[in-house]
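The values are calculated or read from the model by the stated rules, or taken from the named source; none is laboratory data. The shown structure was predicted, so the numbers you read here are calculated from the model rather than taken from an experiment. We place every Cβ from the backbone using ideal geometry, glycine too, and count neighbours over all the protein chains shown. Just so you know, the surface numbers come from the protein's heavy atoms only, side chains and all, with ligands and any DNA or RNA stripped out. Shrake-Rupley method; radii C 1.70, N 1.55, O 1.52, S 1.80 Å.
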Amino acid sequence: MQNWFIDRQAAALPNWLEALPAARLLARAQAGAAIGPGVLWFRQRSGEAIATTLPAGQPAAGQHWVLLSDEPDEKTVLAALAAGAAGCCNSYAAPEVLQQVALVVGNGGLWVGQSLLNWIVGGSARILEQQRQSAPADDWSALLSERESEVARLVASAASNKEIARQLDISERTVKAHLTSIFDKLGLRDRLQLSLRINGLAL
């Protein structure tokens, strides 16, 4: 797949050439309809806005945009994705990283980097917890004893039987007995269904 590096001037950083030596270089003023299918790498220099760096609209058929940011952060990555990019990474990333980005994006995937991925996962977990706490009590709790409800909530937080036993100061055998009772009362088959039910993600 063809790669295109697009900057204010038709010049490339050394790591770009090492990663993708067959890539073509273009100045922004040259970037337009002449570019065919491939991965288009747009460099965002320090202080530049996304709108200045990425073209207006969405990528053409067969094109995949990547933002190369001199100063990437979570907001930059999210703004790039919202503007149509399939990925964002540091302009000075190691050649091996750029090759991985090219492979992932070229095959239709998204590249957001580990830090943003952790931020998204952590944020999603916080949102789910807030929703669970603010939502009216589900009828499941009315069907269980107080101790069974405690066990169910711990299972929903991904605690193992051993961890539940330690936290509630009971034996693992007792935890298993509670789970059997919980599954029976709620009409569930396993821990996954229970977790989904407790977290309000399934009935």
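Listed here are the strands (runs of 3 or more DSSP E) enclosed by the stretch 1-119 that have at least 1 residues being free of Cβ contacts under 8 Å to residues at least 24 places away in the same chain and of a type outside the set (Lys, Arg): 24-27, 87-90.
Here residue 61 clears all of (1) within 15 Å of residue 106 (Cβ to Cβ); (2) open to solvent by less than 40 Å² (accessible area, probe 1.4 Å) except the condition numbered (2).
Candidates in the stretch 98-111 are the residues that are surrounded by fewer than 20 Cβ atoms within 10 Å (Cβ to Cβ) and touching a Phe, Trp or Tyr at 6+ places or on another chain (Cβ under 9 Å); of these, the one that is nearest to residue 16 (Cα to Cα) is 100.
Scanning the stretch 148-203 for residues that are exposed (fewer than 14 other Cβ atoms within 10 Å of the Cβ) and among the basic types (Lys, Arg) yields 162, 166, 173, 189. Filtering 58, 44 for residues that are closer than 17 Å to residue 86 by Cα, modelled with pLDDT of 90 or more, polar (S, T, N, Q) and in the same structural domain as residue 78 (by TED's automatic domain parsing) leaves a single hit, 44. Checking 23, 49, 19, 10 one by one, the residue that is at pLDDT below 90 and either among the aliphatic types (A, V, I, L, M) or in contact with an Asp or Glu (Cβ under 6 Å, 6 or more places away or on another chain) (or both) is 10 and no other.
Of all residues in the stretch 30-53, those being over 12 Å from residue 76 (Cα atoms) and surrounded by fewer than 10 Cβ atoms within 10 Å (Cβ to Cβ) number 3.
I'd like to know if the stretch 118-140 contains one or more residues that are more than 30 Å from residue 83 (Cβ to Cβ) and at pLDDT 85 or above.
Yes, the conditions are met somewhere in the stretch 118-140.
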